[in-house]
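Trainee: I am attaching a structure below and will ask some questions about it afterwards.
The values are calculated or read from the model by the stated rules, or taken from the named source; none is laboratory data. This structure is a prediction, so every number in the text was calculated from the model and none was measured. We place every Cβ from the backbone using ideal geometry, glycine too, and count neighbours over all the protein chains shown. These accessible areas exclude ligands, DNA and RNA; they are computed on the full protein's heavy atoms, side chains included. Shrake-Rupley method; radii C 1.70, N 1.55, O 1.52, S 1.80 Å.
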Amino acid sequence: MSVVPVLTIDGPSGSGKGTLARRVAQKLGWHLLDSGALYRLVALAGARCGLGLHDEAGHAELAATALIRFSADAAGEEQIWLENEEVSREIRTETAGEGASRVAAMPRVRAALTARQQQFAQGPGLVADGRDMGTVIFPDAPLKIFLTASPDERARRRYKQLKDKGFDVSLAALSQELAERDHRDANREVSPLRPANDAELLDSTGLSIEQVENAVLALAKARHLLR
Ligand code: DC
């Protein structure tokens, strides 16, 4: 069992996991693993190499070897690097999300990323955001959150997030894409999206991010994860 405390946050697209994970990590002074970004990077790396979306061996090779780095700029904005090129914006598009969902269904890609994800568990602690953080990657984590929200609210949040970043998106198209992506993520054979047996279920519909964050911090306190 890992001695570094890990707090896992899993759930469907647009549930608010990413924002929540970032805030909780900052509050606790812990590291952050955005595992979705890894799948997005593998899909992008594959597209750049001209790999077809059925080429499992090619994507698994990239998942094992691609040079990936996370950093922050002077203003604290997240920066994500692929082979020393900044791709922070490129990986956030819906096309990248769709590609990520497809490569994420490949068992060999998931296997290649397992050790890479576990290496993020460094002291003083890790907040890990994804779909299988509590079920597969960190099964011994002392606190597992499964965050949901109604489909309408998730689509609205994702819409606002993309609009704020300057992307041109339609709410109707986004709703449809999210529904398809969630269906694929929840029904794939390997590591499907589902809560761990010992996960705390949190429904964020109608709650502010502060309320959700406070609920998670209260749970972390009750488990003696806070100093
Ligand atoms: O969280 P996200 O939207 O950045 O994730 C992109 C895709 O990657 C999502 O459709 C499912 C997949 N994913 C996964 O299968 N397992 C994870 N731990 C994280 C993401």
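Trainee: For Asp168, project a label point 7 Å along Cα to C-beta. Then give me every residue of the range 86-106 with its amide nitrogen under 15 Å of that point.
Mentor: Under cut-off, by backbone N: 94.
Trainee: Also, I was wondering about something else. Averaging sequence separations of C-alpha pairs under 8 Å and six or more residues apart, then dividing by the length of the range 1-126, give the relative contact order as a whole percent. Can you show the working numbers first?
Mentor: Values: 143 pairs, mean separation 47.4, N = 126.
The value is 38 percent.
Trainee: Ignoring any ligand, DNA or RNA, what whole percent of the accessible area of the chain comes from carbon and sulfur when the probe is 1.4 angstrom?
Mentor: Numbers: 5830 of 11170 Å².
Its accessible area is 52 percent carbon and sulfur atoms.
Trainee: What does the charge count near Gly58 come to, summing +1 for each Lys or Arg and -1 for each Asp or Glu among other residues with Cβ under 14 Å from its Cβ?
Mentor: Numbers: positive: Arg48, Arg102, Arg108; negative: Asp55, Glu56, Glu61.
Computed value for this residue: 0.
Trainee: With a probe of 1.4 Å, find how much accessible area the chain has per residue, and write the answer as a whole number in Å². All intermediate terms of the calculation are to be shown ahead of the outcome.
Mentor: On the way: 11170 Å² over 227 residues.
Solvent-accessible surface per residue comes out at 49 Å².
Trainee: Can I ask one more? Among the helices of the chain (complete DSSP H runs), which have Cα atoms covering no less than 15 Å along the helix axis and a Kyte-Doolittle mean of at least -1.0? Could the numbers behind the result be given before it?
Mentor: Details: long enough: 17-28 (16 Å, -0.50); 35-48 (20 Å, 0.78); 107-118 (17 Å, -0.78); 151-164 (20 Å, -2.65); 171-187 (24 Å, -0.91); 209-222 (20 Å, 0.70).
Helices meeting the criterion: 17-28, 35-48, 107-118, 171-187, 209-222.
Trainee: Quick check: from the Cα gyration tensor, does the chain come out rounded (a/c under 1.5), prolate or oblate? Before the final figure, lay out each step's value.
Mentor: Values: a/c = 1.42, a/b = 1.20, b/c = 1.18.
Rounded.
Trainee: Which stretch or stretches of the range 132-173 have amide N atoms under 17 Å from the point lying 7 Å from Arg22's Cα along the Cα→Cβ direction?
Mentor: The answer is 157-167, whose backbone nitrogens lie closer than 17 Å to the label point.
Trainee: For the range 33-84, calculate the relative contact order in percent as a whole number, restricting contacts to Cα pairs under 8 Å that are 6 or more residues apart. Mind dumping the intermediate values first?
Mentor: Numbers: 41 pairs, mean separation 14.6, N = 52.
So the answer I get is 28 percent.
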